[in-house]
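The values are calculated or read from the model by the stated rules, or taken from the named source; none is laboratory data. This one's a predicted model, so the numbers in the text were calculated from it and none came from an experiment. Note: ideal-geometry Cβ built from the backbone for every residue, glycine included; neighbour counts use all protein chains shown. Only protein heavy atoms, including side chains, enter the accessible area calculation; ligands, DNA and RNA are left aside. Shrake-Rupley method; radii C 1.70, N 1.55, O 1.52, S 1.80 Å.
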Amino acid sequence: MAESTEPTAESAPNATDAVAIVPAETAVVDSESKAPAAPDAGDEAPETGISAPEPGPERVGRGILLSLLIIPAGVLAWTIIWQLGFMSAIVAFGVAVGAAWLYRRGSGGRIGAVGIAATIVVTLVTLVLAFLAGIAADLATFLEIDLLTAIGSAEFWDLYVLNVTDNPELWEQLTPDILFALLFAALGTFSVFWNLAKAAKAAKAAKQADAA
């Protein structure tokens with residue numbers, strides 16, 4: 001008896017297999033057509049529209065108020081060194097640097113022409129008060145009384161004012177010290193204020209260049 005040539009259920013192709021069989025070329029084309037195009041390496045990144053914030057305006061009032069804190073510190077340092085028998089430019093230099101630093105802290109980091117002028121005035125006032133405090137310390141030492149006791153004594157201050165305002169011999173004796181103090185103050189503060197002036201000029205030129 002001849003064998004049947006009809007295909008059996010095992011040899012017949014599965015319908016689901018036939019659907020799943022897709023030529024490799026077609027699959028590749030389909031995947032490429034659906035994939036999003038990669039951005040070109042030369043394309044520029046999109047702008048976010050966010051720019052760096054510009055520094056705020058110079059707060060002159062707050063800068064001056066904060067720089068005034070250097071006055072008691074400078075007077076105290078000068079008086080201590082004066083009592084030791086020295087006059088050093090380091091005090092004037094420290095006062096100038098401290099006043100400028102405190103001004104920047106109060107003004108928001110900026111220091112213009114007004115700030116430089118205010119810093120110079122604060123430095124000069126500090127040095128004048130420091131010099132007068134040194135005279136008071138000398139007078140207290142001459143009278144052999146404690147400086148803290150002298151500060152609270154009205155008689156001491158009457159004698160102090162009398163010597164400062166009506167004692168030419170005192171000023172003749174102190175003239176060399178005053179000249180040396182002014183020289184040391186100039187040496188100590190010139191470089192500070194010169195650098196501040198150059199920095200303010202450079203900042204102004206940069207601002208004008210940006211505006212042009």
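Report whether or not F93 is farther than 30 Å from A154 by Cβ, surrounded by 15 or more Cβ atoms within 10 Å (Cβ to Cβ) and modelled with pLDDT under 85. Considered against the rule, which asks whether it is farther than 30 Å from A154 by Cβ, surrounded by 15 or more Cβ atoms within 10 Å (Cβ to Cβ) and modelled with pLDDT under 85, F93 comes out as yes. Within the range 50-72, track down each residue that is modelled with pLDDT of 80 or more, under 15 Å from I111 (Cα atoms) and either open to solvent by 90 Å² or more (accessible area, probe 1.4 Å) or of a type in the set (K, R) (or both). Within the range 50-72, R59, R62, L65 qualify.
In the set (1) more than 25 Å from L69 (Cα to Cα); (2) open to solvent by 60 Å² or more (accessible area, probe 1.4 Å); (3) among the aromatic types (F, W, Y), W157 fails one condition alone, (1). Close contacts from the range 60-78, counting a first residue that is part of a helix (DSSP H, G or I) and a second that is among the basic types (K, R), with Cβ to Cβ under 6 Å and a gap of 6+ residues or different chains, come to L66/R105.
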